[in-house]
Each structure stands twice: as structure tokens, then as C-alpha cells.
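Trainee: Encoded as C-alpha cells, here's the structure I'll be asking about.
The values are calculated or read from the model by the stated rules, or taken from the named source; none is laboratory data. On a predicted model such as this, the values are computed, not experimentally measured, just so you know. All Cβ positions, even for glycine, are placed from backbone atoms using ideal geometry, and neighbour counts span all protein chains on display. Ligands, DNA and RNA are stripped out before the accessible areas are found, and what is left, the full protein with its side chains, is counted by its heavy atoms. Shrake-Rupley method; radii C 1.70, N 1.55, O 1.52, S 1.80 Å.
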Amino acid sequence: MAKFIAGIVFTVVAVILAVLIYARGGHMAVNADAAPSRIEGWAANSALDAAIEHQAPHVENPVPKTDANLIDGMKLYAMNCAVCHGGLDRKRNVLGGAFYPPAPQIIVRGLDDPEWHIFFATKHGVRLTAMPAWGKVMGDNDLWKIVAFVKTVNQLPPAVEQQRRLALGGSD
């Protein structure tokens, strides 16, 4: 049994050393215009989801999803988020795709994360990405309005949808 455990320890140490030699030798791709490997993407997304699950308070959105709040959230989204995450025209944003990792195109595909998850990532940002900590420049109430908007972006109430179309000059 001792040899088996020693073998596992040796293998783990060898893998860690190999990764360090590879990375410190300058062989790792660090450019933002290269697609991450499947393993890298899986590891980063898994770590992000696990960290938020562990660190974020699992709270309900205190802002009611009224037309007025959703319209406020839409305006805040358009001013602060659309440049990376897709505009109100529901089209992909080229700039968001230039980041490493690429910014999620919220307007195109929506988000399936719970609201508390989105709020935490928005308020505190995501390290080693271009996602800033919006909580340093915006209050919780406004952040919750943005969260409410992005969670309902694919099923907006008629009055909010009308405001979205007006913001686009009356077209879609």
C-alpha cells in the first residue's frame, strides 16, 4: 500500500513539475487572439462557477421586475455592458469576442445562471478577464436592475420590448 501511495504522490509531483517547466519555458499561449483549449475552458469555467457557488450569498433579487425597473436595467446595460456582452439589437458584439476568454454574449444566448450568481460576478468582477468589479462604481440597486433585465431579455414584457425597439430607432 505504501508503494501505491508513493506512486500517486510521485505522479502528482511529476505532473506539477511538467506543467511548471512548460509554463516557465514560455510555451503556454498567452495571447488573447488564440482560442483556449477545451481543458483550459472547462477548468476556468468550473473554477469560476465553484468559487461563486461557495462565496456568493444565495439571495433573491430585492428589486421587483416591474416595467420601470426592467427599463432602467436595460438603459444601464446599454450604457455599461453592451459594448462587451452584445447590444440591444440582439447581435453579437465583435469586441466581446476579442477578449480572452471571450465575453459571454448575453443578448444573443441569455444566461442560465441564478440571479445571485450573476449579481456576484457583476458586483465583484472576474479576475484575469476584462470583467470589472462594477460594485466599485455602481450601487447594488442598479446592479440588481441589470440582473433583472438580462434574466428576462428573451421574454421582455411588451412595454419594455417597446422601449428596447425605440432605443434602436424603432427597428430590430
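Trainee: Within segment 84-106, work out how many residues are in a loop (DSSP other than H, G, I, E, B), aliphatic (A, V, I, L, M) and in contact with a helix residue (DSSP H, G or I) (Cβ under 6 Å, 6 or more places away or on another chain).
Mentor: Summing the residues that are in a loop (DSSP other than H, G, I, E, B), aliphatic (A, V, I, L, M) and in contact with a helix residue (DSSP H, G or I) (Cβ under 6 Å, 6 or more places away or on another chain) in segment 84-106 gives 2.
Trainee: Of everything in segment 140-158, what is over 21 Å from Pro104 (Cα atoms) and open to solvent by 40 Å² or more (accessible area, probe 1.4 Å)? Give them in sequence order.
Mentor: Residues satisfying the conditions are Asp140, Asn141, Pro158.
Trainee: Which residue is least open to solvent (accessible area, probe 1.4 Å), if the candidates are limited to segment 107-130 and must be touching a His at 6+ places or on another chain (Cβ under 9 Å) and assigned to a loop (DSSP other than H, G, I, E, B)?
Mentor: Out of the qualifying residues, it is Leu111.
Trainee: Right, something else. Among the residues of segment 18-62 satisfying the criterion of being in contact (Cβ under 8 Å) with a residue 24 or more places away in the chain and farther than 30 Å from Lys145 by Cα, which is least open to solvent (accessible area, probe 1.4 Å)?
Mentor: The extreme case among them is Ala34.
Trainee: Condition first: at pLDDT below 85 and of a type in the set (Phe, Trp, Tyr). Now tell me which residues in segment 1-60 satisfy that.
Mentor: If the condition is that a residue be at pLDDT below 85 and of a type in the set (Phe, Trp, Tyr), then Tyr22 is the only one that fits.
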